[in-house]
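What follows is a short report on a single structure.
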Amino acid sequence: MSRENSLVTAQWVEDNLDTDGVVIVEVDEDTTAYDKGHIRGAIKLDWTTDLQDQVRRDFVNKAQFEALLSERGVSNDDTVVLYGGNNNWFAAYAYWYFKLYGHSDVKLLDGGRKKWELDSRELTDELPTREKTSYVASEQDSSIRAFRDEVVAAIGTQNLVDVRSPDEYAGRLLAPAHLPQEQAQRAGHIPTSVNVPWSKNANDDGTFKSDDELTALYDEVGFDTEKDTIALCRIGERSSLTWFVLTELLGRKNVKNYDGSWTEYGSLVGVPVALGDEPGTADA
Amino acid sequence: MCGATEGGLSLDGVNVAKEAVIQGQVLRGGASGGEPVANAYVRLLDRTGEFTAEVPTSASGHFRFFAGDGEWTLRTLAPKAEPVDTRVVAATGSVAEVQVLVGA
């Protein structure tokens, strides 16, 4: 993979608003953002209702995903361009999710909604209409999704990268600071996980840093390229962005996203937890 | 708690006594006030300058963070304006009110 295959600029999107076979999709943490204004022609996916099972704590299954995309008018051979607020956190999550179900041509709008707005580009509240399709998804690609037992087994043996802010990693905050801090789970991080905040991948305007800067970022923290990597954050959306950088921009192999992330790990009984700014040791 | 519900996120159900709230409004230009900026982005940076959170401003230019005790920096990005950094101190159980002025 490479930047050319997985990332498009705001200008490219503006130039392709009416191109057949290009479907623009907005996914936001604030699920009302789309309703206030979105890129012309863009459809909305709601990560809380469309992409999550409403009973179990899990994703929608293959049949539900197929029904969702068919109903929204997305075809298997469409180029899906994702964007959203929060520096594309949830758009990156959706990108990873589309890859999980085998969609071949997915791209992120570099800088997301923020870059689009800071460029003073047009937003509309007009709702697009798309013909229904018959979307066929693949089985989930288990090579990019980590579950808790793998994560516990990875302590001290694999690259564990915790992409939350330094204060969340150290246990001084329990959630990103735009959310209330009262949470049920314990604070801290998985012992031996290194802290590379997602934000170090991006410029202030939300666009990704250059490949050279990104390579240096992961070299600095001593990433062992011979080892498999698991990325995590609080609920798996910021770590999707880091998964995107490692897998799609830098072409690293064997990188998984742990979508259970800290809300699951920090609630597990009997697992080790490290506090403070240092990774800690496997026998903590 | 005048103005406590003005930010982007409702305080309904939030135990404010246990939160270190930083909130305020982004205004554009003008020594005597200025216009609220609805499409600005406010970034919360920790004491080392590292990103901690970011919110877009509401229709009335308001924003809110739930930080921790200590010193923080707000970096405000708005269309057609230079970024503005504002230092702020937060403490649990109180609301730090900040007004940010960006270039005209």
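Values computed for the structure shown
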| item | result |
| --- | --- |
| The listed residue being away from chain B (no Cβ under 14 Å), crowded, with 19+ Cβ neighbours inside 10 Å and either part of a loop (DSSP other than H, G, I, E, B) or in contact with a helix residue (DSSP H, G or I) (Cβ under 9 Å, 6 or more places away or on another chain) (or both), out of A:Thr157, A:Thr192 | A:Thr192 |
| Selection from the range A:233-264 of residues that are touching a residue at least 40 places away in the same chain (Cβ under 8 Å), under 17 Å from A:Asp58 (Cα atoms) and in contact with a Leu (Cβ under 7 Å, 6 or more places away or on another chain) | A:Ser239, A:Tyr258, A:Trp262 |
| Pick from the range B:66-103, criterion in contact with a Lys or Arg (Cβ under 6 Å, 6 or more places away or on another chain) and either among the hydroxyl-bearing types (Ser, Thr, Tyr) or not in a strand (DSSP E or B) (or both), ranking: nearest to A:Gly111 (Cα to Cα) | B:Pro83 |
| Qualifying residue in the range A:257-266 (condition: farther than 30 Å from B:Pro56 by Cβ, buried (at least 16 other Cβ atoms within 10 Å of the Cβ), at pLDDT 95 or above and in contact with a Ser or Thr (Cβ under 7 Å, 6 or more places away or on another chain)) | no |
| Qualifying residue in the range A:100-113 (condition: acidic (Asp, Glu), part of a loop (DSSP other than H, G, I, E, B), in contact (Cβ under 8 Å) with a residue 40 or more places away in the chain and out of contact with any Ser or Thr (no Cβ under 9 Å at 6 or more places or on another chain)) | no |
| Hits in the range A:197-239 - residues which are away from chain B (no Cβ under 14 Å), under 26 Å from A:Gly266 (Cα atoms), in a helix (DSSP H, G or I) and of a type in the set (A, V, I, L, M, F, W, C) | none |
| Test result for A:Asp125, of a type outside the set (A, V, I, L, M), within 22 Å of A:Glu4 (Cβ to Cβ) and in contact (Cβ under 8 Å) with a residue 24 or more places away in the chain | no |
| Filter pass, B:Thr76 being surrounded by 13 or more Cβ atoms within 10 Å (Cβ to Cβ), at pLDDT 95 or above and of a type outside the set (A, V, I, L, M, F, W, C) | yes |
| From the options B:Val88, B:Val100, residue that is surrounded by 16 or more Cβ atoms within 10 Å (Cβ to Cβ) and away from chain A (no Cβ under 13 Å) | B:Val100 |
| Matching option when the condition is more than 14 Å from chain B (Cβ to nearest Cβ) and either assigned to a loop (DSSP other than H, G, I, E, B) or within 30 Å of B:Thr92 (Cβ to Cβ) (or both), among A:Arg186, A:Arg164, A:Arg172 | A:Arg186 |
| From the options A:Thr229, A:Thr242, A:Thr225, residue that is surrounded by fewer than 18 Cβ atoms within 10 Å (Cβ to Cβ) and in contact with a Phe, Trp or Tyr (Cβ under 9 Å, 6 or more places away or on another chain) | A:Thr225 |
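The values are calculated or read from the model by the stated rules, or taken from the named source; none is laboratory data. Owing to the predicted nature of the structure, the values given are computational and were not obtained by experimental measurement. All Cβ positions, even for glycine, are placed from backbone atoms using ideal geometry, and neighbour counts span all protein chains on display.
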